[in-house]
Amino acid sequence: MSRANRKKTSKKPARPKKTKEQKVMQAKEKAIYERNRIALAYMELAKDKTFQKLEEDYKLDLVKEVLAIGDEVASWVVAEYGTNDPRKIAAQLGVKVFGEDSTDKKKKTPSEYRKEKKEIVVYRDFHEKLLREVRSTELSENLLKFVVAHELFHHLEINRIGEVYKRYKFLAWRLGPYAKEKNIRGLSDVAAQAFTLSLLELDISPQVFDYLTYILYTNP
Ligand SMILES: [Zn+2]
């Protein structure tokens, strides 16, 4: 059968083709997504003295590499556990997730992974305050998933893949035969953010971007 014939007899409806504009839009959104992810990573690392001293080109390569680790872990986790719901994955891993009021008011953190007990604690008071201040239904629905996914990554780091920040060592100084190496702890959080966004398929819309900046980098 010739190609032309097969085409004629085939009754299968063709998948609607994306218009050129749609393709351009998609590429644009992807570029914005990537740019926002990188911007968030830089914010995460901004205060780290070791990171500050790196060359600009290297900083970018490093950030991209670490973001890719988070993406990769998200894709195998979904394949392995058959869900992208962080609470269901946590349950399958035997990680307890629960809410608690933070006793230390100075500790401005929305959640915590306690490695000794393999628990994820979500601080209720922090979240209530946030939800009052950041009004967005998109976010309130995702808030819990977001923090659980982040801590879940830390659990996977410790129990499965090894702590990401420990993969990278940087020379802090050298003096004759003496050299001191340092780590950049924030790299683990950069990977955790990539994991979270990738797992939840969260688009970093400007609203989500503002929110992330708010919870991660300001002290409400
Ligand atoms: Zn973290």
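Ordering 25, 43 from the fewest to the most neighbouring beta carbons within 10 Å gives 25, 43.
Distances between placed amide hydrogens fall under 5 Å for residue 119 paired with 114, all partners being 5 or more residues away or on another chain.
Each 10 Å bin from zero up to the one holding the largest Cα-Cα distance in region 20-217 carries the following percent of pairs: 8, 32, 36, 18, 5, 1, 0. Residues 103, 83, ranked from the fewest to the most other C-beta atoms within 10 Å, line up as 103, 83.
For the pair residue 185 and residue 160 in one chain, pulling the backbone fully straight at 0.36 nm per residue adds 7.2 nm over the alpha carbon distance. Label positions at residue 115 and residue 39, each projected 7 Å from the Cα along the C-beta direction, are separated by 3.3 nm. Take 109-117, 194-202 and order them by the average number of nearby Cβ atoms within 10 Å per residue, most first; the result is 194-202, 109-117. Computed from backbone phi, the HN-Hα couplings of region 177-191 come to x, 9, 9, 10, 9, 10, 10, 10, 4, x, 4, 5, 6, 4, 5 Hz, rounded to whole numbers (Karplus: 6.51 cos²θ - 1.76 cosθ + 1.60, θ = phi - 60°; Gly and Pro given as x).
With each label modelled as a point 7 angstrom along the Cα→C-beta vector, the residue 22-residue 75 pair spans 2.4 nm. Based on the reciprocal of the average 1/r between different C-alpha atoms, the Kirkwood radius for region 19-67 equals 12.2 Å.
The numbers here are math on the coordinates, done by the rules we state, and not lab data. This structure is a prediction, so every number in the text was calculated from the model and none was measured. Cβ sites come from the backbone with ideal geometry, for glycine too, and all protein chains shown count toward neighbours.
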